[in-house]
Amino acid sequence: MSEILKTALITGGTKGIGYGIAEMLIKDGVRVAITGRNDETVQDAIGALNQIREGYALGIVADVRSLESQQEAVKQVLVQWGRLDVLVANAGVGHFASIGSMTLEQWHETIDINLTGVFYSVKAALDALKESKGYLITIASLAGANFFANGAAYNASKFGLVGFTQAVMLDVRNEGIKATTIMPGSVATHFNNHQPSEKDAWKIQPEDIGQIVVDLLKMNPRTLPSKIEVRPTSPQ
């Protein structure tokens with residue numbers, strides 16, 4: 001009998017942490033679907049990922065702010081591969097401003113993507129994860145435990161995401177689903193319009209978070225690291 005290949009769905013997987021996770025999962029033999037809001041960036045990412053293992057990457061244009069969009073993304077994974085073993089709720093945005101200058105649009109976009117968007121992704125994927133006895137992983141931030149000035153919206157979204165994931169973990173663990181939230185510190189990505197460069201060598205790299213995901217999937221089923229804080233070894 002041939003080995004059953006695991007499949008993963010990663011929201012916001014066209015670059016940064018999401019892409020790094022996709023890259024490491026494919027290298028480990030997991031088929032990966034990534035989502036993004038822009039078809040061109042999705043296709044560019046898929047082209048690169050399929051060079052690692054041909055046919056292991058699927059691109060889906062989707063928006064986490066829509067439950068229907070997330071349901072359609074899960075449906076496409078099931079049509080393509082027949083199962084969903086891992087959901088990585090990674091899509092995120094950052095708006096940083098004082099409470100006095102923050103706009104309503106900035107607040108709502110941050111909460112809608114970083115928190116409500118994860119709720120939609122989980123709701124859409126839950127039945128498939130129950131079927132596969134799968135794994136739910138959310139990408140939060142150390143900003144979900146440490147507040148800072150100009151971070152009202154971002155802190156609220158990430159504090160909420162950490163609490164959401166831990167509560168969901170308690171909801172689903174007796175149904176055979178594992179749930180973990182990963183809380184990275186400084187990561188070398190394009191987040192908040194940053195342009196990664198050699199100066200970011202001290203930071204966590206996206207593939208480092210990908211390796212954590214790979215390791216979580218290989219952990220003995222009896223053990224669940226429910227919350228993982230990740231920091232650069234030598235911050236600058």
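Read-outs: derived from the displayed coordinates by stated rules, not from any lab. Not measured: the values here are computed from a predicted model. Don't worry about glycine lacking a Cβ; one is built from the backbone with ideal geometry, like all the others, and counts go over all protein chains shown.
At a glance:
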quantity	calculated
Cut-off under 5 Å, modelled amide H: who pairs with Thr138 long-range	Ala89, Thr180, Thr181, Ile182
The chain - percent relative contact order, Cα under 8 Å, separation 6 or more	21 percent
Burial ordering of Ile52, Ile21, Ile4, fewest other beta-carbon atoms within 10 Å first	Ile4, Ile52, Ile21
Choice from Phe148, Phe119, Phe164 with maximal GNM fluctuation in the chain (Cα, 10 Å cutoff)	Phe148
Fluctuation leader among Gly29, Gly59, Gly117 - the chain, Gaussian network, Cα springs under 10 angstrom	Gly29
Cα-based helix-to-principal-axis angle, 152-172 vs the chain, degrees rounded to 10	30 degrees
Under DSSP loop assignment and at most 10 Cβ neighbours within 10 Å, longest GluC sites (Glu not before Pro)-free interval of the chain	55-236
Between the range 199-218 and the range 8-53, the Cα center-to-center distance that results, in Å	15 Å
Given charges at Cβ of Lys, Arg, Asp, Glu: the chain dipole, positive-most of Val61, Val74, Leu87	Leu87
Residue-wise HN-Hα coupling along the range 50-67, computed from phi with Karplus coefficients 6.51, -1.76, 1.60 (Hz; x: Gly, Pro)	6, 6, 6, 9, 4, x, 8, 10, 10, x, 9, 7, 7, 10, 5, 6, 10, 4
Amide proton proximity set for Val32, modelled H, under 5 Å, gap of 5+	Ala8, Ala57, Leu58
Computed [θ] at 222 nm, deg cm²/dmol, the chain (DSSP H ≥ 4; -39,500 (n - 2.57); rounded to nearest 500)	-13000 deg cm²/dmol
Of all DSSP beta bridges in the range 7-230, antiparallel share, percent nearest 5	0 percent
